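No lab work stands behind these numbers, since they all come straight from the coordinates. Small disclaimer: the values here were computed from a predicted structure and weren't measured. Methodologically, a virtual Cβ is constructed for each residue, glycine included, from the backbone with ideal geometry; neighbour enumeration extends over all protein chains shown.
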Amino acid sequence: MTNINPFYTTKQLLAGYAGIVFGGFGLHKFILGYTSEGFIMLVISVVGGSLTYGITLIIMQLVGLIEAMIYLNKPQQEFINTYFVNKQGWF
């Protein structure tokens, strides 16, 4: 069982709010340290969005919004175990 410290609480809130506002660009993934997942979301949003007139950007924004709601609704201990101990990258 890991200790709950303010660092994890700050990361949880920051990733949640970033997922709401900038979720389509994968900023919340970068905040949690998942750089490859963040780059995947960023490339899909930018390249796919330019080719599909923004449809993939809207889809990625919805994915980011869903992940943000998951981040903000998880208890702190479960969030730490899921995203920092077990390193679950998606949902």
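For this structure, a couple of remarks:
- Think of it as helices only: each DSSP H run of n ≥ 4 in the chain is worth -39500 (n - 2.57), and spread over all residues that comes to -18500 deg cm²/dmol at 222 nm.
- Within the chain, the proportion of Cα pairs with more than 15 Å between them is 55 percent.
- The trypsin sites (Lys or Arg not before Pro) of the chain meeting both criteria, a DSSP state outside H, G, I, E and B (loop) and at most 15 other C-beta atoms within 10 angstrom of the site's C-beta, are Lys87.
- A simple rule links phi to the HN-Hα coupling: the Karplus curve 6.51 cos²θ - 1.76 cosθ + 1.60 with θ = phi - 60°, which for the range 14-31 gives 5, 5, x, 5, 5, x, 5, 7, 10, x, x, 9, x, 4, 5, 5, 5, 5 Hz, with x for Gly and Pro.
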